[in-house]
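Working notes, beginning with the structure itself.
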There are 2 protein chains.
Amino acid sequence: MTAKAAAPRCAERVLARIAAREARIRAFSAHDPALLRREAACAPAGPLAGLAIGVKDIIATEDYPTGYGSPIYDGFHTGADAACVALLRAGGALCAGKTVTTEFAFFRAGPTVNPFDAARTPGGSSSGSAAAVATGMADIGLASQTAASLTRPASYCGIVGFKPSYGRYALAGVKALAPSFDTLGTLTRDVATAARADAVLKGPLPGAPATTPRAPARIGLCHTPWWNEAEGGTRRAMSRATALLAAHAAIEPVDLAPFATGCDLHATIMGYEAAQALAWEYRARRALLSPQIAGLIESGQRIGDDTYRAALVAARALRARAADLFGRYDVLLAPAAPGEAPLADTGTGSPRFSRLWTLLRLPTVTLPGFAGPSGLPVGVQLLGPRDGDERLLGHAAWAEALFPARGTPPHGDYP
Amino acid sequence: MTAKAAAPRCAERVLARIAAREARIRAFSAHDPALLRREAACAPAGPLAGLAIGVKDIIATEDYPTGYGSPIYDGFHTGADAACVALLRAGGALCAGKTVTTEFAFFRAGPTVNPFDAARTPGGSSSGSAAAVATGMADIGLASQTAASLTRPASYCGIVGFKPSYGRYALAGVKALAPSFDTLGTLTRDVATAARADAVLKGPLPGAPATTPRAPARIGLCHTPWWNEAEGGTRRAMSRATALLAAHAAIEPVDLAPFATGCDLHATIMGYEAAQALAWEYRARRALLSPQIAGLIESGQRIGDDTYRAALVAARALRARAADLFGRYDVLLAPAAPGEAPLADTGTGSPRFSRLWTLLRLPTVTLPGFAGPSGLPVGVQLLGPRDGDERLLGHAAWAEALFPARGTPPHGDYP
């Protein structure tokens, strides 16, 4: 199939899926079939021809409104694509629409449901991108992580989540929450697609994707200092994953006790920086902020300057220590979330099992293939050294082949 | 005078100055007396009451359009203040208007003239903020630096430039050029005002300004590996500054030969990242880009991924080495620019004497008080260790008192 034919076929495939699923899933904050068909008619050839993206609504788009999940920006038009969207479109991808985000990528949930169980959260904050990719309404979900906003929805929706090293993808046109951590990444149904998107997003011009599966020699098994918060589903996923990997590579437990302060350091830095980044919304539109985000800002305002700066110094020390870990291990295996997706009325899930890794700025790939006691997806994550993104993608492709196939949501006919 | 009275008086003072000077200087890209008076009528009390800011037009404002110095964004409204503007306004400052920037904070100059000589450049890219502060049309100029965009206009316009440590001021709402370097800072007429603004900009709530002049014990004298590019004005400014400081503190030459690669590393990283950050403008609006910025993007596209990533690693190594320097010196003294402001038809001046320091992410204060062969201002800069911003401001206040008073532009009646 030529690139010219690939785009319209992709558009019709995605439109059919959206027509069948979106009324139940509610993954999109904005979607227009006419726009998608028009884009398909004149899409450039490129390495992503035939793939559709869903764009988390904290990311600017020229055509669709950009609402940041907040009534403050209802119907707001930036008039320009974020750099990541422009790069993906230049690479031949089509934009299926804007996907639901929690308010400013923090805690207040949008309308999206978990594709496996409508009573459960899809996870936040990249809720819509995860649900759209899990149900075939998009092939690449643009997502971001400041605490656990990419890894958690990947785990809850049974898909692949790639949060690259901090700074790898350009953030121009992406709403800031906590600049020390804000990281752009992707949600996909397999590692190969994450690698194809990576080759386009990582630089000004497309490079070669890191597609070769690569066995690691030594794997570090990280139950983490928060293992007591892991539920049955995550405990079982971790032991199954360990057994599957141990048949092919050396795997040994890693003591993360020296990193136990990481969660608190992360919360301190995030609160302080969010209170700065959202200064205008708090000053000029306070009545339109949810109690959750106003609470984050106000707790950030109470963090002393000295406390914040000491946390930055401590975070740097932990990053240096993490670099040493990768002298001994090629990859780390760790839980992706406490367990299955919780009920939607309890929120978007705990960020516990991602805060440390986000603080450390390490690349991570969340892999599906496991299930919890209710039969819902549970993922695990593989982590690599800072800036070792290509190698990590290779190791993840290798592990993906060893793991069980991801589950597909009920109501059939999924890609 | 109460804060309530301070704001309207500030507005009238600035409006009178703008009425007298703006037609010649052309510092503002947008300015509306009615807006300023309305803001003055309901400005909050705060540590910046009685001060007016000029906002470089790569920084978003709720009321004024934000044009990024590009016809692509002519009349564009973001509908929200950047975090820095919101913080300054919450601190009681008034916004005098948007100030001229070069196109996307790169090289294509706007209409602003140098207040000391209309045939000369005010320096780029923070051209309007520098000229407005030098002529009393604003008290605090918001500025940014990716290469030399703050230090150079400070030197050319005879004012104080404070580029803090990378990351100190929130960039939310500021157009990205090269995220590894983009740093927000201020232009003021004295160090005390920079310290007052710093206390507001550095965190979610105002802190105490670092106002106490503090003598350094040891000063490192950095002629830099580019001293052969220093013109007579800068050579004389450096020797006068050295003599004035040597009467009060130990000063000795620092060999920066190990840092000589810094300029090229900076250019590599900046080109690559600018090509990413401006991907949409290049893809969708190429015809509206100047040859200068299109050239930057295209040269960035030609930089290999491996070359870029090697430059990031080398830059980190230089930063570690720079940290060691501050084991021996409290501050470094270095040239701020090659010499006096060049003629406007030659561009906005050479970034040579700032690239290394921007790469190293060090805080820097440019101080005025010297003059070149044509009687135009020439500054020098003092640098401190990363995150040692408060101490550096203290040392700068101390040096400011030892240096000659800054010159004031001709045509009299300046603050």
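Here the relative contact order of the stretch B:257-302, from alpha carbon pairs under 8 Å that lie six or more residues apart, stands at 50 percent. Among chain B residues, the beta-carbon with the smallest distance to the axis carrying B onto A is reported, with distance in whole Å, as B:Thr78, 4.
As a footprinting exposure proxy, order B:Lys56, B:Lys202 by other Cβ within 10 Å, with the fewest listed first.
On the way: B:Lys56 35, B:Lys202 24.
By the 10 Å Cβ count, ascending: B:Lys202, B:Lys56.
For chain B, the spread of Cα coordinates along the three principal axes comes to 54, 54, 42 Å, biggest extent given first.
What's the FRET efficiency of A:Ala217 with A:Ala5 using the Cβ-Cβ distance as r and R₀ = 41 Å, to the nearest 0.05? Don't skip to the answer; put the middle values down first.
Details: r = 44 Å, r/R0 = 1.06.
Using R0 = 41 Å, I get an efficiency of 0.40.
Shape index of the stretch B:265-343: Rg/Rh, with Rg the Cα radius of gyration and Rh the Kirkwood radius from the inverse mean 1/r over Cα pairs, equals 1.13. The amide H of A:Ala250, built 1.01 Å from its N in the peptide plane, has A:Ile219 as neighbours under 5 Å, considering only residues 5 or more places off or on other chains. The H on the amide N of A:Ala371, modeled in the peptide plane, is under 5 Å from the matching H of A:Val378, each at least 5 residues off or on a different chain.
Work out the mean other chain Cβ neighbour count within 10 Å for the residues of A:204-213 and drop it here as an integer.
3
Mind checking the log10 I(q)/I(0) for the protein assembly as shown at q = 0.05 Å⁻¹? Debye, one equal scatterer per Cα, no solvent, two decimals. These q points yield log10 I(q)/I(0) values of -0.26. For peptide A:76-82, the mean count of partner chain Cβ atoms within 10 Å of a residue's Cβ comes to 5. Here the Karplus relation 6.51 cos²θ - 1.76 cosθ + 1.60, evaluated at θ = phi - 60°, turns the backbone of the stretch A:122-138 into coupling constants of x, x, x, 8, 7, 4, x, 4, 5, 5, 5, 5, 4, 9, x, 7, 8 Hz, with x for every Gly and Pro. Amide H contacts under 5 Å for A:Phe76: A:Thr66, restricted to partners 5 or more places along the chain or on a different chain, H placed in the peptide plane at 1.01 Å from N. Counting other Cβ atoms within 10 Å as a rough exposure proxy, the listed residues B:Arg152, A:Arg302, B:Arg236, A:Arg17 run A:Arg302, B:Arg236, A:Arg17, B:Arg152 from fewest neighbours to most. Here each label is just a point 7 Å from Cα along the line to Cβ, and for A:Arg302 and A:Leu343 those points are 2.9 nm apart. Stokes-Einstein diffusion for the stretch A:9-201, with the hydrodynamic radius set to the Kirkwood value over Cα pairs and evaluated at 37 °C in a medium of 0.692 mPa s, equals 208 µm²/s. B:Ala405 label point (Cα plus 7 Å toward Cβ) to equivalent points in the other copies: 8.3 nm, shortest first.
Here's the picture: a label point sits 7 Å out from the Cα of A:Arg316 along the beta-carbon direction, and within the stretch B:355-383 the residues with their amide nitrogen under 16 Å of it are B:358-364. Between A:Glu231 and A:Asp255, the FRET efficiency estimated from the beta carbon spacing at R0 = 30 angstrom works out to 0.85. Per-residue shielding of A:87-93, expressed as the average number of other chain Cβ atoms within 10 Å of the residue Cβ, stands at 2. For the options B:Pro335, B:Pro225, B:Pro351, a Gaussian network treatment of chain B with springs between C-alpha atoms closer than 10 Å singles out B:Pro225 as fluctuating the most.
Going by neighbour counts of Cβ atoms within 10 Å, the residues B:Ser374, A:Ser299 line up, fewest first, as B:Ser374, A:Ser299. Relative to the other identical copies, A:Thr242 shows label-point distances of 6.4 nm, where the label point lies 7 Å from Cα along the Cβ direction and values run shortest first.
Here is how far apart the A:Arg13 label points are across copies: 6.6 nm, shortest first, using a point 7 Å from Cα toward Cβ.
Every number here is computed from the coordinates shown, using simple stated rules; none is lab data. For clarity, every value in this text was computed on a predicted model and none was experimentally measured. Every residue, glycine as well, gets a Cβ built from its backbone with ideal geometry; the counts of neighbours run over all protein chains shown.
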